[in-house]
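Undergrad: Can you keep this structure in mind? I'll have questions shortly.
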Amino acid sequence: MTIWFTAGHHFGHANILALRGRPFSDIAEMDEALIGRWNDVVGTGDEIWHLGGFAYRCGPNYGSEVFGRLRGAAKHLVRGSHDRKHTSALPWSSIQDYAEIRYGERTIVLFHWPLQVWHRRQHGSWALNGSSAGQVVPGSCSVDVDSWNFQPVSIEGIVLRMEASAS
């Protein structure tokens, strides 16, 4: 089982193409590409943490159909600013506004927005966020799809990036 992180898909959100300069001709192409890239890396037995921005202004049926096509045994949501009732109604394994997980001896803080300070930062914890907005501070990393070639990033990928940025 691999642990994955991602955010900012904005499934169904037509304006995200222009807002983020995404390289897709329309929302249907974008959504299909994002679903494909998710499923290219996430296995059926894997755990994935979505740090907000799952879908926006699409109906509950469309959001449910997209969700059902995405691989992963455990799909967790850390809510972002656009994750309202239709997204929260999906069958997530857990839903929260903030989470902390352990990876070996390290605490990893999960939040939608970039943080300047977080729990146990002075003891080497990391903060992952789901928004590419804001200044990234040492010890933090965005998992927004726009920052990771439109696909989730594994915990191993996070470790490599964080260790490279520390040296």
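The values are calculated or read from the model by the stated rules, or taken from the named source; none is laboratory data. Everything numeric in this text was worked out from a predicted model, so none of it was measured. Don't worry about glycine lacking a Cβ; one is built from the backbone with ideal geometry, like all the others, and counts go over all protein chains shown. Just the protein is used for accessible areas: all its heavy atoms, side chains included, with ligands, DNA and RNA removed. Shrake-Rupley method; radii C 1.70, N 1.55, O 1.52, S 1.80 Å.
Undergrad: With (1) touching a residue at least 60 places away in the same chain (Cβ under 8 Å); (2) over 14 Å from the mean Cα position of the chain (by Cα) as the list, and N129 as the residue in question, which single condition is left unmet?
TA: Status for N129: all satisfied but (2).
Undergrad: Filtering region 40-60 down to residues that are over 14 Å from the mean Cα position of the chain (by Cα) and modelled with pLDDT of 95 or more, which residue is farthest from A73 (Cα to Cα)?
TA: Step one: filter region 40-60 for residues over 14 Å from the mean Cα position of the chain (by Cα), giving 40, 43-46, 56-60.
Next, from what is left, pick out any that are modelled with pLDDT of 95 or more: 40, 43-46.
On the way: D40: 15, G43: 8, T44: 6, G45: 5, D46: 5 Å.
Going through the qualifying residues, I end up with D40.
Undergrad: Also: If you go through region 12-21 one residue at a time, do you hit one that is closer than 21 Å to S154 by Cβ and either free of Cβ contacts under 8 Å to residues at least 60 places away in the same chain or in contact with an Asp or Glu (Cβ under 7 Å, 6 or more places away or on another chain) (or both)?
TA: No - not one qualifying residue is present in region 12-21.
Undergrad: In region 58-68, is there at least one residue being more than 29 Å from L17 (Cα to Cα) and either open to solvent by less than 10 Å² (accessible area, probe 1.4 Å) or assigned to a strand (DSSP E or B) (or both)?
TA: Checking region 58-68: not a single residue is more than 29 Å from L17 (Cα to Cα) and either open to solvent by less than 10 Å² (accessible area, probe 1.4 Å) or assigned to a strand (DSSP E or B) (or both).
Undergrad: Considering only residues of region 1-46 that are touching a Leu at 6+ places or on another chain (Cβ under 8 Å) and part of a helix (DSSP H, G or I), which is farthest from W148 (Cα to Cα)?
TA: I27
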